[in-house]
Each structure stands twice: as C-alpha cells, then as structure tokens.
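The values are calculated or read from the model by the stated rules, or taken from the named source; none is laboratory data. Worth saying up front: this structure is predicted, and the values here are computed from it rather than measured. So basically every Cβ, Gly included, is an ideal-geometry build from the backbone, and we count neighbours across all protein chains shown. Each accessible area value is taken on the protein alone, full model and side chains, heavy atoms only, with ligands, DNA and RNA left out. Shrake-Rupley method; radii C 1.70, N 1.55, O 1.52, S 1.80 Å.
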Amino acid sequence: MKVSESWLREWVNPAVTTDELVAQLTMAGLEVDEIESVAGDFSGVIVGEIIGCEQHPDADKLRVTTVAGLPDGPTQVVCGAANARVGIKIPFATIGAELPGASQTEEKWQIKKAKLRGVESFGMLCGQTELKAGDDDTGLWELAADAPVGTDIRDYLNLNDKLIEVDLTPNRSDCLSVKGIAREVGVLFRAPVQAPAINPIAATIADTFPVKLSADAACSRYVGRVIRNIDITKPSPAWLQDKLTRAGLRSIDAVVDVTNYVLVELGQPMHAFDLAKLSGGIDVRLAKQAEQIVLLDGQEVKLNADTMVISDQQGALAIAGVFGGKPSSVTTETRDLFLESAFFNPLAVAGRARSYGLHTDSSHRFERGVDYNLQVDAMERATSLLLEIVGGEAGPLVHVTNEHLPQERQVTLRKARIVSGLSLEMADDEVVDILTRLGLGLVSQNAEGWTFNVPSYRFDISIEADLLEELARVYGYNRLPTRALATPIQIDERPEAVLSISVVRRQLVARGYQEAITFSFIEPKLSALFDPAREPVMLRNPISADLAAMRTSLLPGLVTVLRNNLNRQQERVRLFETGLRFVPSAAGGVAGLQQEAMLAGLIYGNRLPEAWANVAEAVDFFDIKGDLESVLAVTGKAKDFSFQAGVHSALHPGQTAAIYLNGELQGHVGALHPNLQQQLDIPKNVFLFEIKLAAVTQARVPAFTSLSRFPEVRRDLAILIDRQVAAKALMDTVAAGAGEHLTDLKVFDVYMGKGIDPHRKSVALGLTFQHPSRTLNEDEVNASIDAVIKSLEANFAATLR
C-alpha cells in the first residue's frame, strides 16, 4: 500500500517527523518498506508563464521565450521544447536554481546565465523528468491555467511530500486505504482523525435500476445509483490527479478517477457502468460454465462456473470484485451512469483473479476483506465528487441486502490471559482505552475480563489471541517486559520403540543419498502416469496449472527432481524424501482424504562416484534394495520384513518387489517402468522405493544377549532347484529345518548355465551353527544338515549338486 504523507496528514496530523511516523508504524506491525520523495532535490524553481515566444534566429529547434514570474519583470529564456508557446504556465528554473543530477550519485547542478547560439538565456524551462517529478519527457511540464505565477513550484505542487510504502500482511485489509492507515496513526499517536464529511446526496431524479442478488452468500450487499446527464469531457481536477498519481494510479477520465479515488481513500472498490448499455436489471450471480466476457483490457475469457459475475439480461458485464467488462464500460460518449458499490464474500473472490491471470486493486482488497458497512458511504462520497466534477443528476440509492450479510462479532478477553500472554499486568482503563481507540466497542466488563464488539472492518479479529496482539502492538512490543519462561513444561515421554526420523535420514545420507523436498502438489498428467488407478484431489486455487493435483505418491516429485538434475549434467543421482501423500479414501481422513507419511528414494547412474579406482558400473535393483535393507536394519527388526515379487503401475513388471512387515504391505521397490522412462525421456534405468514411514520408525527395543564363548560351525550346501523358486521361500524352508542352533544363513552364490539343467539353477547356501553354552558335536550338526536336505527335497524337489 503506497500512501502520500500529505494526504495522510489531511486525515490525521500528529506532531511528529516523517521518520518518527514511519518508525512507529513499523513497530506496530505495519512495516514500511520504503520512503520516496515525490520529486527530486531542487530549489529556485517557480511557476512561470510564457508571454512571448519567437523562433531562434540561428537554430530551427530552439525558441526564444519571454517568461513572466520574477519580481523584476519578464525574463528571456531560450528553450528547445516543442510545446513551448504563449499562454502556458510551466516550471521556471531561475538563475541560481539547483536541479537534481541525472542519477542519484550525481550532484545537483546550478542554473547560470548562458548564451545559446548567440542568444542570451536567463534560466531554464523544465519538464517533469528534469525535476524528477514524473516520467513525461515529451516537453515542458504544462501546469494548470490557474497556477499562481511566481509561486515556488514545490509549494504550489506540494513537492515536499513523501510517499510511504507499507508492506501489509494479508490479514490487515483494513489498512488498504488512506482511511485505514490514518485510523492506525490516530491510535498510535493519540491524535484525532479528521475524516472528510460524507453527507447523503438528495435525489434530484427518481430514476433507479433494479438489482437482484442470486449469488446468495457470495454477495450479501449491493448498493447502486443512477446518475444522468454527466459531462465526461470535463477532466479531473489537478489535486485529484496528483493524489492518484502518488498512489500509483494513472488518471483516465473523471468517472474512473473518482472510483479509484474512493478505492484509495476509503478502501471500497467501485465500478461505473454506462447506463445506456445495460438491459433489464443487474443480477449478481455465478457464471455459466464457459460463459464468455470481454474485459476492459480487451482480453476475452471463458468463465468458470465458480466465478461470480455482475450481469444483466444480455449476459455477464463484469467479473465481480475483479475486472469490469468492455461492452458496458464508460466512454467519451457516456451521458448516464450506473454506479456500483458492493460487499463480496472474500472466499467467493479469492483465487478467481489468479485463475484468469489477473490481479487488480479491487481483487486485492476483496480477497482480503472489505468493510461490509462501507458501501453506502462510498457511494455517497463518489456521487458527491462526480456531481462536483462532471455534473449530472443523481437518483435515489438502490440498496439490496440478504440474510448472508456478516453479523457483528463479539470477543472476550480475560485479565489472566494478558498476564500469561504478555507477561504484563495492564491497568483496566488502559486495556479499554487501547481497544476502544482501535474501534472495538465495550459490551460488558466484570472481574475476570471484558467482552468487545469487533468493528466491521477488522476481519482479522475473531479470538482472544487477536485482542492480545492488538494490545501488544499498540502498547509497544519494545515496552513489553523480558522475563524468563516461568510456565511449567511437561516433557512428554519418548518411547524407545519409536525411531526418530533423523536417524533414518542420517542412514540414507551415509549411503550417499541427498534429501529432496518437493511440492505436495504435482502436475495432473504426471499423477496419471505414476498412479492411474487413483483420481487425485485437485486444488481449487493452484499456484500454477502444473501444480494442481495433490500427490498420491512421492515418486513423481523425485523423478521430476532427477530430470532437473539430468538437465544440468548430473549423471549420478541419489535422492530421498519424507513427506505426506494424499490418497482419496472413503474410509476416513479429512473430507475423505487419507494422509500418509511416506519415505521414498531414487538412484540413477553409476554405482560408485567417478574415480580412477572405481569401475563404471550402472546401479541395479539390488543396489537400491540393499540401501533400503540398511534402513530397515536400523529398526532392529529387519527379519520381520520380507520382499516378494509385486506389481506397481509405475515400476517394471519384472523388477518390482512388494515390501511386507509381518504380512502387511508397506511399500514397493523396483525399476521405473520402461514406458514411463521413455515418456519422461530418461536415458538410463531409474530405481526407486517408497515405503510407509511408520514401518521404518517403529523399532525393536534393544535387549542384551550374552555372546557365546563356544566355536561356530559352518556348513555349505550347493543345491539344484527350479529356477522359479524365490530365495525367500528357500531360506524360510532352510531356517525352519535347521533347528534352533542356526545363527546365520546366507546365499553366497547362484549359478545358471553350462552343465546345469536349463530349467534349474544352482544355489550355494552358507549355514552357521552355534550353541550358547557348549560346543556342538559333529552328530548334532549333521542331523541339522540332513533335516535341511530332506526339507528341501520335499518342498522343492532339490538335489545336492
């Protein structure tokens, strides 16, 4: 919000400097980003009038002018501006005047007597850019015809003014106006606020235009007025144009300027329709899907069904609270107006402008909330200014409301909460004084606290904590006492069986992974590629079209990060991420949405970093499976997990394993599906895993087991079995048959090829036996091995090789 200090001081004028004013606003939560002068640092420039103008005798582009303004009489000035002519009033830099340098680092320069092509010149006639008071560099700055000749230009145009740019947080929509900032300044400095008088305008004609509210809660108040027989050729007065310019708005015509002036002054967006172009009556309704409208900037858009519009019998006239339409706009031919001032529910406007690639001053305010009791005052203010500037005859107000108009809210503040929240005992009178000066109305008071009515312009006050914040910022954050924390804090117990997520992260980092953090929303097409069976939840108000779907898996985000790395010549990538996935579910969750914490990882490229001693071998399925198993081992219950051949829509049909914990599916690991790899233009194989985070954070509490002092006995078996037998099934059978003294079992070789039946494979197993309290004898070990062989023969028709 950019506000002119001089305009602000018309409303409230505390006896403080600009710096003190800005410092206090910032300390109260209205952070000032910048203070800007409206003009450069110059002196000695007055209002001059050209009373004579002749062609230079020796230069085609120069003119010799006679300028009135100095007490000593007319002055001769040579000027090169094309618009120099008799009768105009312009800034006149006299001899000795100092003008600003071309840049901020250059020093001021002084006007001296000069001779241009043989003709003496006693000063300089200036344009806006020479005084750094505007951007118009086409010629001389033509002042108003009634500008007082000889007056210092800084005084006449109020060029000592400062522009204060306030960076408002979204909750402070009440300060998006001169009125709102003035209200804050008045409270902070205990200064009276002098608002301009807004009196009801008596109707001089009986003309009205019917209004209907069909959008229900989206629009609960609409105020309109017919004004006939205006003269739109009359320009806005200079004072109004200057105020708009300093607020960052350009002057267009008197009607638009007045609506913009009310927007900046009071904070109420308004719109003016050409009455002759309206048909039947105004209807505030929701748009029909794909209904078309041509906006003021000439852009033609197709509307969505959730967009509120102002319409008549012919169709949509404007996007409500966002942008007007061109067909019903005010032009140089307009003679009759229909003025609009409305209250739109912020939720009905939020995001609509962005969905069409728009952002306007109106949408900026309506999205954050406009005072729902301001519409009538804004209409009377705009009507008064229009009648003063362009004339005309005003009809009576058309004021329509419905049952959805917001009701006055009440908030209770307890004295004890002030002490606990601010560490401060504040006098009752001071509490009431601060809050009532902020516009809250005292409803009741008792020994425990107060109840206040919240003003209609404060959308950000709804709970007790909001009142605490108001007390703190007006009282002064820098005045609050600094005390040690005295509130008793109970530290919750942390079960040993719950593994910290940081342990999981450290394990993966130790394996060479880097953590990625991606958006929780992804491109809808990408979601369909990775998880076609699930329909993702779509965002109503996405920040961009390619981030419109809530992710049902972390894998699309990681693959997107991989592609970004590949585009930047990173050929070896190892990534992991922890985060939520959002799965539509009828079983529960918020609005049928189940949020699950997941752990996902990805590897790509060579197994080892590039180095002279490392072999350039590409990663494979067992690399990522081994990394995942190292994470599972940290839980202390790796044996409870099992990997079985599985199916996943995003993974390779022959290189996918489902991960089970005690028989329950927890996730998948495997290679990216070849079709996906091709569509995403990834040159090499990608391997991924995704597992429920709860599965790897529920650990087994360590328990002490004494080490056996007796020797181990190892026996190796090489068996021939069918190629289709899975290693997991084989090892489960061996473990069951080996008995209780088996302490370790591993597959250390697999062979398929020459000398072996093509339908079978050779698997070499290593079995380690140990007794905790004695040495195992040969017969005991042989008995266990015999039991294993018989079990393998019975279950898999295995034979010893």
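Coupling constants for the stretch 506-515 follow from the phi torsions by the Karplus curve (6.51 cos²θ - 1.76 cosθ + 1.60, θ = phi - 60°), and in residue order they are 5, 5, 5, 4, 5, 8, x, 7, 10, 7 Hz; glycine and proline get x. Output the pairs from 2/162; 89/115; 639/728; 212/302 with a Cα-Cα distance over 18 Å in this structure; if there are none, say none. Where the Cα-Cα span goes over 18 Å, the pairs concerned are 89/115; 212/302. When the Debye formula is applied to the Cα atoms of the chain, each taken as the same point scatterer, what base-10 log of I(q)/I(0) results at q = 0.09 Å⁻¹? Reported log10 I(q)/I(0), two decimals: -1.06. For the stretch 120-215, the set of trypsin sites (Lys or Arg not before Pro) satisfying both a DSSP loop assignment and a count of at most 10 other C-beta atoms within 10 Å is given as 190. For the stretch 720-801, the solvent-accessible area with a 1.4 angstrom probe is 57 square angstrom per residue. Simple spin-label estimate for residue 137 and residue 404 gives 5.1 nm between the two label positions (7 Å along the Cα-to-Cβ direction from each Cα). Among the trypsin sites (Lys or Arg not before Pro) in the stretch 710-762, those placed in a DSSP loop whose Cβ has at most 16 other Cβ atoms within 10 Å are 723, 754. Scanning residues 5 or more positions from residue 291 or on other chains, those with amide H under 5 Å from its amide H are 303, with H placed 1.01 Å from N in the peptide plane. Extension gain, residue 594 to residue 416: 0.36 nm times the residue separation minus the Cα-Cα distance gives 60.1 nm.
Modelled this way, with points 7 Å down the Cα-to-C-beta line, the labels at residue 43 and residue 466 are 5.1 nm from one another. Per residue, the accessible area of the stretch 380-454 comes to 48 Å², computed with a 1.4 Å probe over protein heavy atoms only. How much FRET efficiency would the formula 1/(1 + (r/R0)^6) give for residue 432 and residue 608, where r is the Cβ-Cβ distance and R0 is 45 Å, rounded to 0.05? Efficiency computed from Cβ-Cβ geometry: 0.05. Amide hydrogen proximity for residue 646: with H placed 1.01 Å from N in the peptide plane, the residues at 5 or more positions away or on another chain lying under 5 Å are 656, 657, 658. Taking 19 Å as the cut-off, the amide N atoms of the stretch 325-348 that come nearer than this to a point 7 Å along the Cα-to-beta-carbon line of residue 306 belong to 344-348.
At R0 = 25 Å, how high is the FRET efficiency between residue 376 and residue 214 if r is their beta carbon distance? Nearest 0.05 is fine. Efficiency, rounded to the nearest 0.05: 0.70.
In a fully extended conformation the segment linking residue 528 and residue 155 would gain 127.7 nm over its present Cα-Cα distance, using 0.36 nm per residue. Of 608, 188, the residue with the largest accessible area leads and the full order is 608, 188 (1.4 Å probe).
Toward the positive end of the charge dipole of the chain, with +1 on the Cβ of Lys and Arg and -1 on the Cβ of Asp and Glu, the farthest Cα among 373, 613, 799 is that of 799.
If the chain linking residue 477 and residue 681 were pulled fully straight, counting 0.36 nm for each residue of separation and taking away their Cα-Cα distance, it would gain 67.9 nm. In this Cβ point-charge picture (+1 for Lys and Arg, -1 for Asp and Glu), the chain has a dipole of about 2200 debye about its Cα centre.
Projecting the alpha carbon convex hull of the stretch 567-710 along each direction and taking the average yields 13.5 nm².
Using only the Cα atoms of the stretch 1-124, build the gyration tensor, take square roots of its eigenvalues as a ≥ b ≥ c, and label the shape rounded, prolate or oblate: rounded if a/c is under 1.5, else prolate if a/b is larger than b/c, else oblate. Prolate shape, in that a/c is at least 1.5 and a/b is the bigger ratio. When you restrict to C-alpha pairs under 8 Å that are six or more residues apart and normalise by the size of the stretch 376-535, the relative contact order lands at 18 percent. Ranked by the mean number of other Cβ atoms within 10 Å of their residues, highest first, the peptides 460-468, 359-367, 441-449 fall in the order 359-367, 460-468, 441-449. With all protein chains in place and a 1.4 Å probe, the accessible surface of the chain carries 50 percent carbon and sulfur.
Please work out whether the stretch 180-232 counts as rounded, prolate or oblate from its C-alpha gyration tensor, where a ≥ b ≥ c are the square roots of the eigenvalues and a/c under 1.5 means rounded, while otherwise a/b larger than b/c means prolate and anything else oblate? Because a/c hits 1.5 or more and a/b fails to exceed b/c, the stretch 180-232 counts as oblate.
Each residue of the stretch 6-17 is assigned a 3J(HN,Hα), and the resulting list reads 5, 5, 4, 6, 5, 8, 8, 10, x, 7, 9, 7 Hz, derived from the Karplus form 6.51 cos²θ - 1.76 cosθ + 1.60 (θ = phi - 60°), x at Gly and Pro. Computed with a 1.4 Å probe over protein heavy atoms only, the accessible surface of the stretch 108-200 comes to 51 Å² per residue.
Projecting label points 7 angstrom from Cα along Cα→Cβ for residue 705 and residue 543 puts them 4.9 nm apart. For the stretch 348-457, rounded, prolate or oblate, judged on the Cα gyration tensor with a ≥ b ≥ c (square roots of eigenvalues), a/c < 1.5 rounded, else prolate if a/b > b/c? It comes out prolate by the Cα gyration axes.
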